[in-house]
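The values are calculated or read from the model by the stated rules, or taken from the named source; none is laboratory data. This one's a predicted model, so the numbers in the text were calculated from it and none came from an experiment. In this analysis, Cβ positions are derived from the backbone assuming ideal geometry, glycine residues included, and neighbour counts consider all displayed protein chains.
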Amino acid sequence: MMTVFRPHKIALAVLLGLAVQLAAGCSLKPPQTNRGRVTYFIGIDISGSFKSKPEFDDSLKFLSYYIYAHLHGLGNLKSPKALFVTSIGGDYKDDPQVFYSHYNFENKNVDEIYASLKQWFGEKNRLTDFNTFFQSVAKQVKKRNLTLTPLSVLIVSDGIPEGVKVKKGKSGKSSYAQIDLQPLEYLARNVTIRLLYASPKACKNWEDFVPRKRVRLWTSAKEIMQSWQNQLLPEKSTEEQEKLFEWMQYNVDYRVRVKKF
């Protein structure tokens with residue numbers, strides 16, 4: 001007698017086979033986690049004026065948690081499409097710097113990220129060259145075809161520009177007016193600069209005197225930033241630090257509206 005194969009019975013047999021494999025301890029390969037839509041650039045000021053202050057080491061400890069939390073999408077923090085960390089300025093004007101990507105931080109815990117930051121940014125630079133930093137960020141965005149994603153540029157610095165000549169008869173505030181955000185203005189639909197650890201006066205100078213059109217600016221003074229460790233709960237693991245993640249979202253990743261200069 002000829003055997004008749006019925007399609008629905010074949011499909012049922014395949015499903016039963018998969019169920020047996022799973023019950024026996026076999027697992028299907030999980031889908032790859034999709035990255036978010038935001039590209040993060042982190043600039044670290046390693047000039048002597050900032051690196052000699054206690055805020056510098058505190059900023060590296062904070063960044064180790066910040067980077068880890070974003071890479072793992074903890075709390076309501078967004079996992080990045082891409083993440084890059086570099087220094088601001090150099091020993092001379094237009095001194096090129098290395099950009100470390102998210103691949104340099106994956107599979108590292110908070111302590112290991114902190115150790116890497118200490119190693120990579122242990123030396124001092126002579127200048128805080130914000131303009132060269134912004135130009136370098138723009139080049140990286142274009143080079144890696146990231147112009148369609150929102151861009152968050154986070155800066156840990158005292159916020160004081162160096163290597164900028166102030167015209168005779170002008171106040172020191174004119175040095176802030178020479179900070180050039182033009183390379184970032186039309187780089188992406190949404191570009192936000194976040195200045196952390198500067199003094200309240202420097203934060204105000206950035207807000208009042210740095211020319212901008214579409215770029216959004218958020219500042220969080222050193223007095224605010226130094227309170228981040230108060231949010232840590234010693235009895236909880238890094239993944240369970242919900243209080244810290246909420247603090248990051250409110251004080252660092254705050255959503256800023258466009259305010260034209």
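Data overview
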| read-out | value |
| --- | --- |
| Scope the stretch 215-261; condition buried (at least 16 other Cβ atoms within 10 Å of the Cβ) and among the basic types (Lys, Arg); matching residues | 216, 222 |
| Selection within the stretch 160-200 - at pLDDT 95 or above and closer than 21 Å to residue 57 by Cα | 194, 195, 196, 197, 198, 199, 200 |
| Check on residue 67, under 11 Å from the mean Cα position of the chain (by Cα), touching a residue at least 40 places away in the same chain (Cβ under 8 Å) and not in a strand (DSSP E or B) | yes |
| Selection within the stretch 176-230 - among the β-branched types (Val, Ile, Thr), over 16 Å from the mean Cα position of the chain (by Cα) and within 14 Å of residue 131 (Cα to Cα) | 179, 210 |
| Filter pass, residue 193 being of a type in the set (Val, Ile, Thr), outside any loop (DSSP other than H, G, I, E, B), surrounded by fewer than 20 Cβ atoms within 10 Å (Cβ to Cβ) and touching a Leu at 6+ places or on another chain (Cβ under 9 Å) | no |
| Residue within the stretch 239-260 that is touching a helix residue (DSSP H, G or I) at 6+ places or on another chain (Cβ under 6 Å), in a loop (DSSP other than H, G, I, E, B) and touching a residue at least 40 places away in the same chain (Cβ under 8 Å) present | no |
